[in-house]
Amino acid sequence: MKLGLGKNEVKIVPYEIEWKDEFARVKKEILLHTNINENQIEHIGSTAIVGMAAKPIIDILMGVKDLKLLDAKLIKGLKESGFLRLRVERPNEIVFAKFTDDTYEVKTHFIHLVEYNGELWNNLIFFRDYLNDHEDVSKEYLNIKLTYINEKSNGINEYTDFKENFVRNIFAKRIGE
């Protein structure tokens, strides 16, 4: 299993069963270095969807009570686990990344730190579970990703924007169910 993407690189690789094991390994490391409870760390993103081709980066959802009261010990523990805070501006989310080496050019893991059981937490968990439970929807999502790779491929921000309507439509199903 080879993880990692460079800055602004977009690449989709075939599903690897080892992604689940890598998440479990990193989760244990995070639990060892932080005071986060086990239920506050979840595997999300395409690497958490069985059979889904994905970017070779493990996405980890981590929940805290309040993002405004971020604990310095938590940030230190994440750093001890190999994660650095990124200067990414996203509403209701703080992003950390793990890199292959100290050049900080190739990212292998992301932590999406959000409020535990808040709207974003619930949406991201729902998205993962919904795609795992609905193979037809999972295939539709894969087709959207591959269309971008084959026709556009202008970088990570454009890739995320290209998928946005699909993702928002799945989030909306959570409220409707």
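Residues that are in a strand (DSSP E or B), farther than 29 Å from Asn169 by Cβ and touching a residue at least 40 places away in the same chain (Cβ under 8 Å): does the stretch 106-127 have at least one? Scanning the stretch 106-127, I find at least one residue that is in a strand (DSSP E or B), farther than 29 Å from Asn169 by Cβ and touching a residue at least 40 places away in the same chain (Cβ under 8 Å), so the answer is yes.
Hey, among the residues in the stretch 35-50 that are open to solvent by 20 Å² or more (accessible area, probe 1.4 Å), in a loop (DSSP other than H, G, I, E, B) and more than 30 Å from Ile144 (Cβ to Cβ), which one's modelled with the lowest pLDDT? Among them, the one singled out is Asn35. Looking at Tyr130, is it among the aromatic types (Phe, Trp, Tyr), touching a residue at least 60 places away in the same chain (Cβ under 8 Å), in contact with a helix residue (DSSP H, G or I) (Cβ under 9 Å, 6 or more places away or on another chain) and in a helix (DSSP H, G or I)? Criteria not met by Tyr130. Restricting attention to the stretch 56-93, the residues that are part of a strand (DSSP E or B), open to solvent by 20 Å² or more (accessible area, probe 1.4 Å) and out of contact with any His (no Cβ under 6 Å at 6 or more places or on another chain) add up to 4. Taking only pairs six or more apart or across chains, which ones have beta-carbon atoms under 6 Å, a first residue in the stretch 54-77 that is on the phi < 0 side of the Ramachandran plot, and a second residue that is in a helix (DSSP H, G or I) and open to solvent by 50 Å² or more (accessible area, probe 1.4 Å)? Within 6 Å, the pairs are Gly77/His33.
In the stretch 161-177, of all residues being in contact with a helix residue (DSSP H, G or I) (Cβ under 7 Å, 6 or more places away or on another chain) and within 20 Å of Leu146 (Cβ to Cβ), the one that is most open to solvent (accessible area, probe 1.4 Å) corresponds to Phe162. Among the candidates Lys11, Lys7, single out the residue that is at pLDDT below 95 and loosely packed, with under 13 Cβ neighbours inside 10 Å. Lys7 is the lone residue from the list that is at pLDDT below 95 and loosely packed, with under 13 Cβ neighbours inside 10 Å. Checking each residue in the stretch 121-155 for being open to solvent by 50 Å² or more (accessible area, probe 1.4 Å), under 17 Å from the mean Cα position of the chain (by Cα) and not acidic (Asp, Glu) picks out only Asn132. May I ask you to verify whether Leu32 is modelled with pLDDT of 95 or more, surrounded by fewer than 18 Cβ atoms within 10 Å (Cβ to Cβ) and either outside any loop (DSSP other than H, G, I, E, B) or in contact with a helix residue (DSSP H, G or I) (Cβ under 7 Å, 6 or more places away or on another chain) (or both)? Spelling it out, Leu32 is indeed modelled with pLDDT of 95 or more, surrounded by fewer than 18 Cβ atoms within 10 Å (Cβ to Cβ) and either outside any loop (DSSP other than H, G, I, E, B) or in contact with a helix residue (DSSP H, G or I) (Cβ under 7 Å, 6 or more places away or on another chain) (or both).
The values are calculated or read from the model by the stated rules, or taken from the named source; none is laboratory data. Please read all numbers here as calculations on a predicted model, not as lab measurements. FYI the Cβ positions are ideal-geometry reconstructions off the backbone, even for glycines, and counts take in every protein chain you see. The area values use the complete protein model at the heavy-atom level, side chains included, leaving out ligands, DNA and RNA. Shrake-Rupley method; radii C 1.70, N 1.55, O 1.52, S 1.80 Å.
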